[in-house]
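The values are calculated or read from the model by the stated rules, or taken from the named source; none is laboratory data. Keep in mind it's a predicted model, so treat the numbers as computed, not measured. With ideal geometry, Cβ positions are generated from the backbone for all residues, glycine too; neighbour counts draw on all protein chains shown.
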Amino acid sequence: DTEVTQTPKHLVMGMTNKKSLKCEQHMGHRAMYWYKQKAKKPPELMFVYSYEKLSINESVPSRFSPECPNSSLLNLHLHALQPEDSALYLCASSPLDRVLRGANVLTFGAGSRLTVL
Amino acid sequence: AQKITQTQPGMFVQEKEAVTLDCTYDTSDQSYGLFWYKQPSSGEMIFLIYQGSYDEQNATEGRYSLNFQKARKSANLVISASQLGDSAMYFCAMREGRVRAQGGSEKLVFGKGTKLTVNP
């Protein structure tokens, strides 16, 4: 079982809908990430939260709105999406202070597959 | 310019044989980190192995080893004794700069991936 849980696994929404993707981890990690992965492409970083504060926003359109209510939860609020936003959305977490040979390794969830009609 | 290049879109290997997946990278930083992740069809990205730019020894994790050639800027993944469950997409990724300089978070850039198929 993955230690990063994402819900829902699949989501279909219209362009006028508002929906949210949720991510939860209980590994005590203090960094959480959202990645977007289009079909047959590599993951692309969207947002990073460090200590529940947004630390990196990779110029993501405002129709994607992240939220980190506490150290275990990460949400991605979706509004007025376009069909080209259809993708696999991956959440990940990592420690910030347990550097292993120079790295804080990311643990990923299984993703939420989003289809925008 | 691409930061991470994986030139093999697909690779085939017989079960129990070894396979090498290629990865070259481009950075002007002296400090950086290189990662390999496996992505089965289920979608989850699974961490395999890490190599820091200052590590003098090649990293090994069980059946996985990383052939790090710093002068050539290559970080190839070697999988020994392939198993059917190794069939998946494999991504090479890089973090430029020291992790502490980024507050501890890892800003990874991924290559396009190599699809490995293990045949029985």
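Which of the following residues is farther than 23 Å from A:Thr107 by Cα and touching a residue at least 24 places away in the same chain (Cβ under 8 Å): B:Gln6, B:Gln2, B:Gln69, B:Gln39?
B:Gln2
Please state which of the following conditions B:Asn58 fails to meet, knowing it meets all the rest: (1) under 28 Å from A:Arg30 (Cβ atoms); (2) within 17 Å of the chain's Cα centre (by Cα); (3) within 14 Å of chain A (Cβ to nearest Cβ); (4) not in a strand (DSSP E or B).
(1)
Might you let me know whether the range A:82-89 holds any residue that is touching a residue at least 40 places away in the same chain (Cβ under 8 Å), within 21 Å of B:Asp55 (Cα to Cα) and in contact with a Gly (Cβ under 8 Å, 6 or more places away or on another chain)?
No, every residue in the range A:82-89 fails to be touching a residue at least 40 places away in the same chain (Cβ under 8 Å), within 21 Å of B:Asp55 (Cα to Cα) and in contact with a Gly (Cβ under 8 Å, 6 or more places away or on another chain).
Kindly check whether there is at least one residue in the range B:37-52 that is surrounded by fewer than 17 Cβ atoms within 10 Å (Cβ to Cβ) and of a type in the set (Phe, Trp, Tyr).
no
I'd like to check something: does the range A:77-94 contain any residue that is surrounded by 14 or more Cβ atoms within 10 Å (Cβ to Cβ), in contact with a Pro (Cβ under 7 Å, 6 or more places away or on another chain), of a type outside the set (D, E, K, R) and at the interface with another protein chain (Cβ under 8 Å from one of its Cβ atoms)?
Scanning the range A:77-94 turns up at least one residue that is surrounded by 14 or more Cβ atoms within 10 Å (Cβ to Cβ), in contact with a Pro (Cβ under 7 Å, 6 or more places away or on another chain), of a type outside the set (D, E, K, R) and at the interface with another protein chain (Cβ under 8 Å from one of its Cβ atoms).
Check off (1) modelled with pLDDT under 95; (2) among the hydroxyl-bearing types (Ser, Thr, Tyr); (3) surrounded by 16 or more Cβ atoms within 10 Å (Cβ to Cβ) for A:Thr16 and give me the number that stays unchecked.
A:Thr16 satisfies all of (1) modelled with pLDDT under 95; (2) among the hydroxyl-bearing types (Ser, Thr, Tyr); (3) surrounded by 16 or more Cβ atoms within 10 Å (Cβ to Cβ) except (3).
Of B:Gln83, B:Gln2, B:Gln69, B:Gln14, which residue is more than 10 Å from chain A (Cβ to nearest Cβ) and modelled with pLDDT under 95?
B:Gln2
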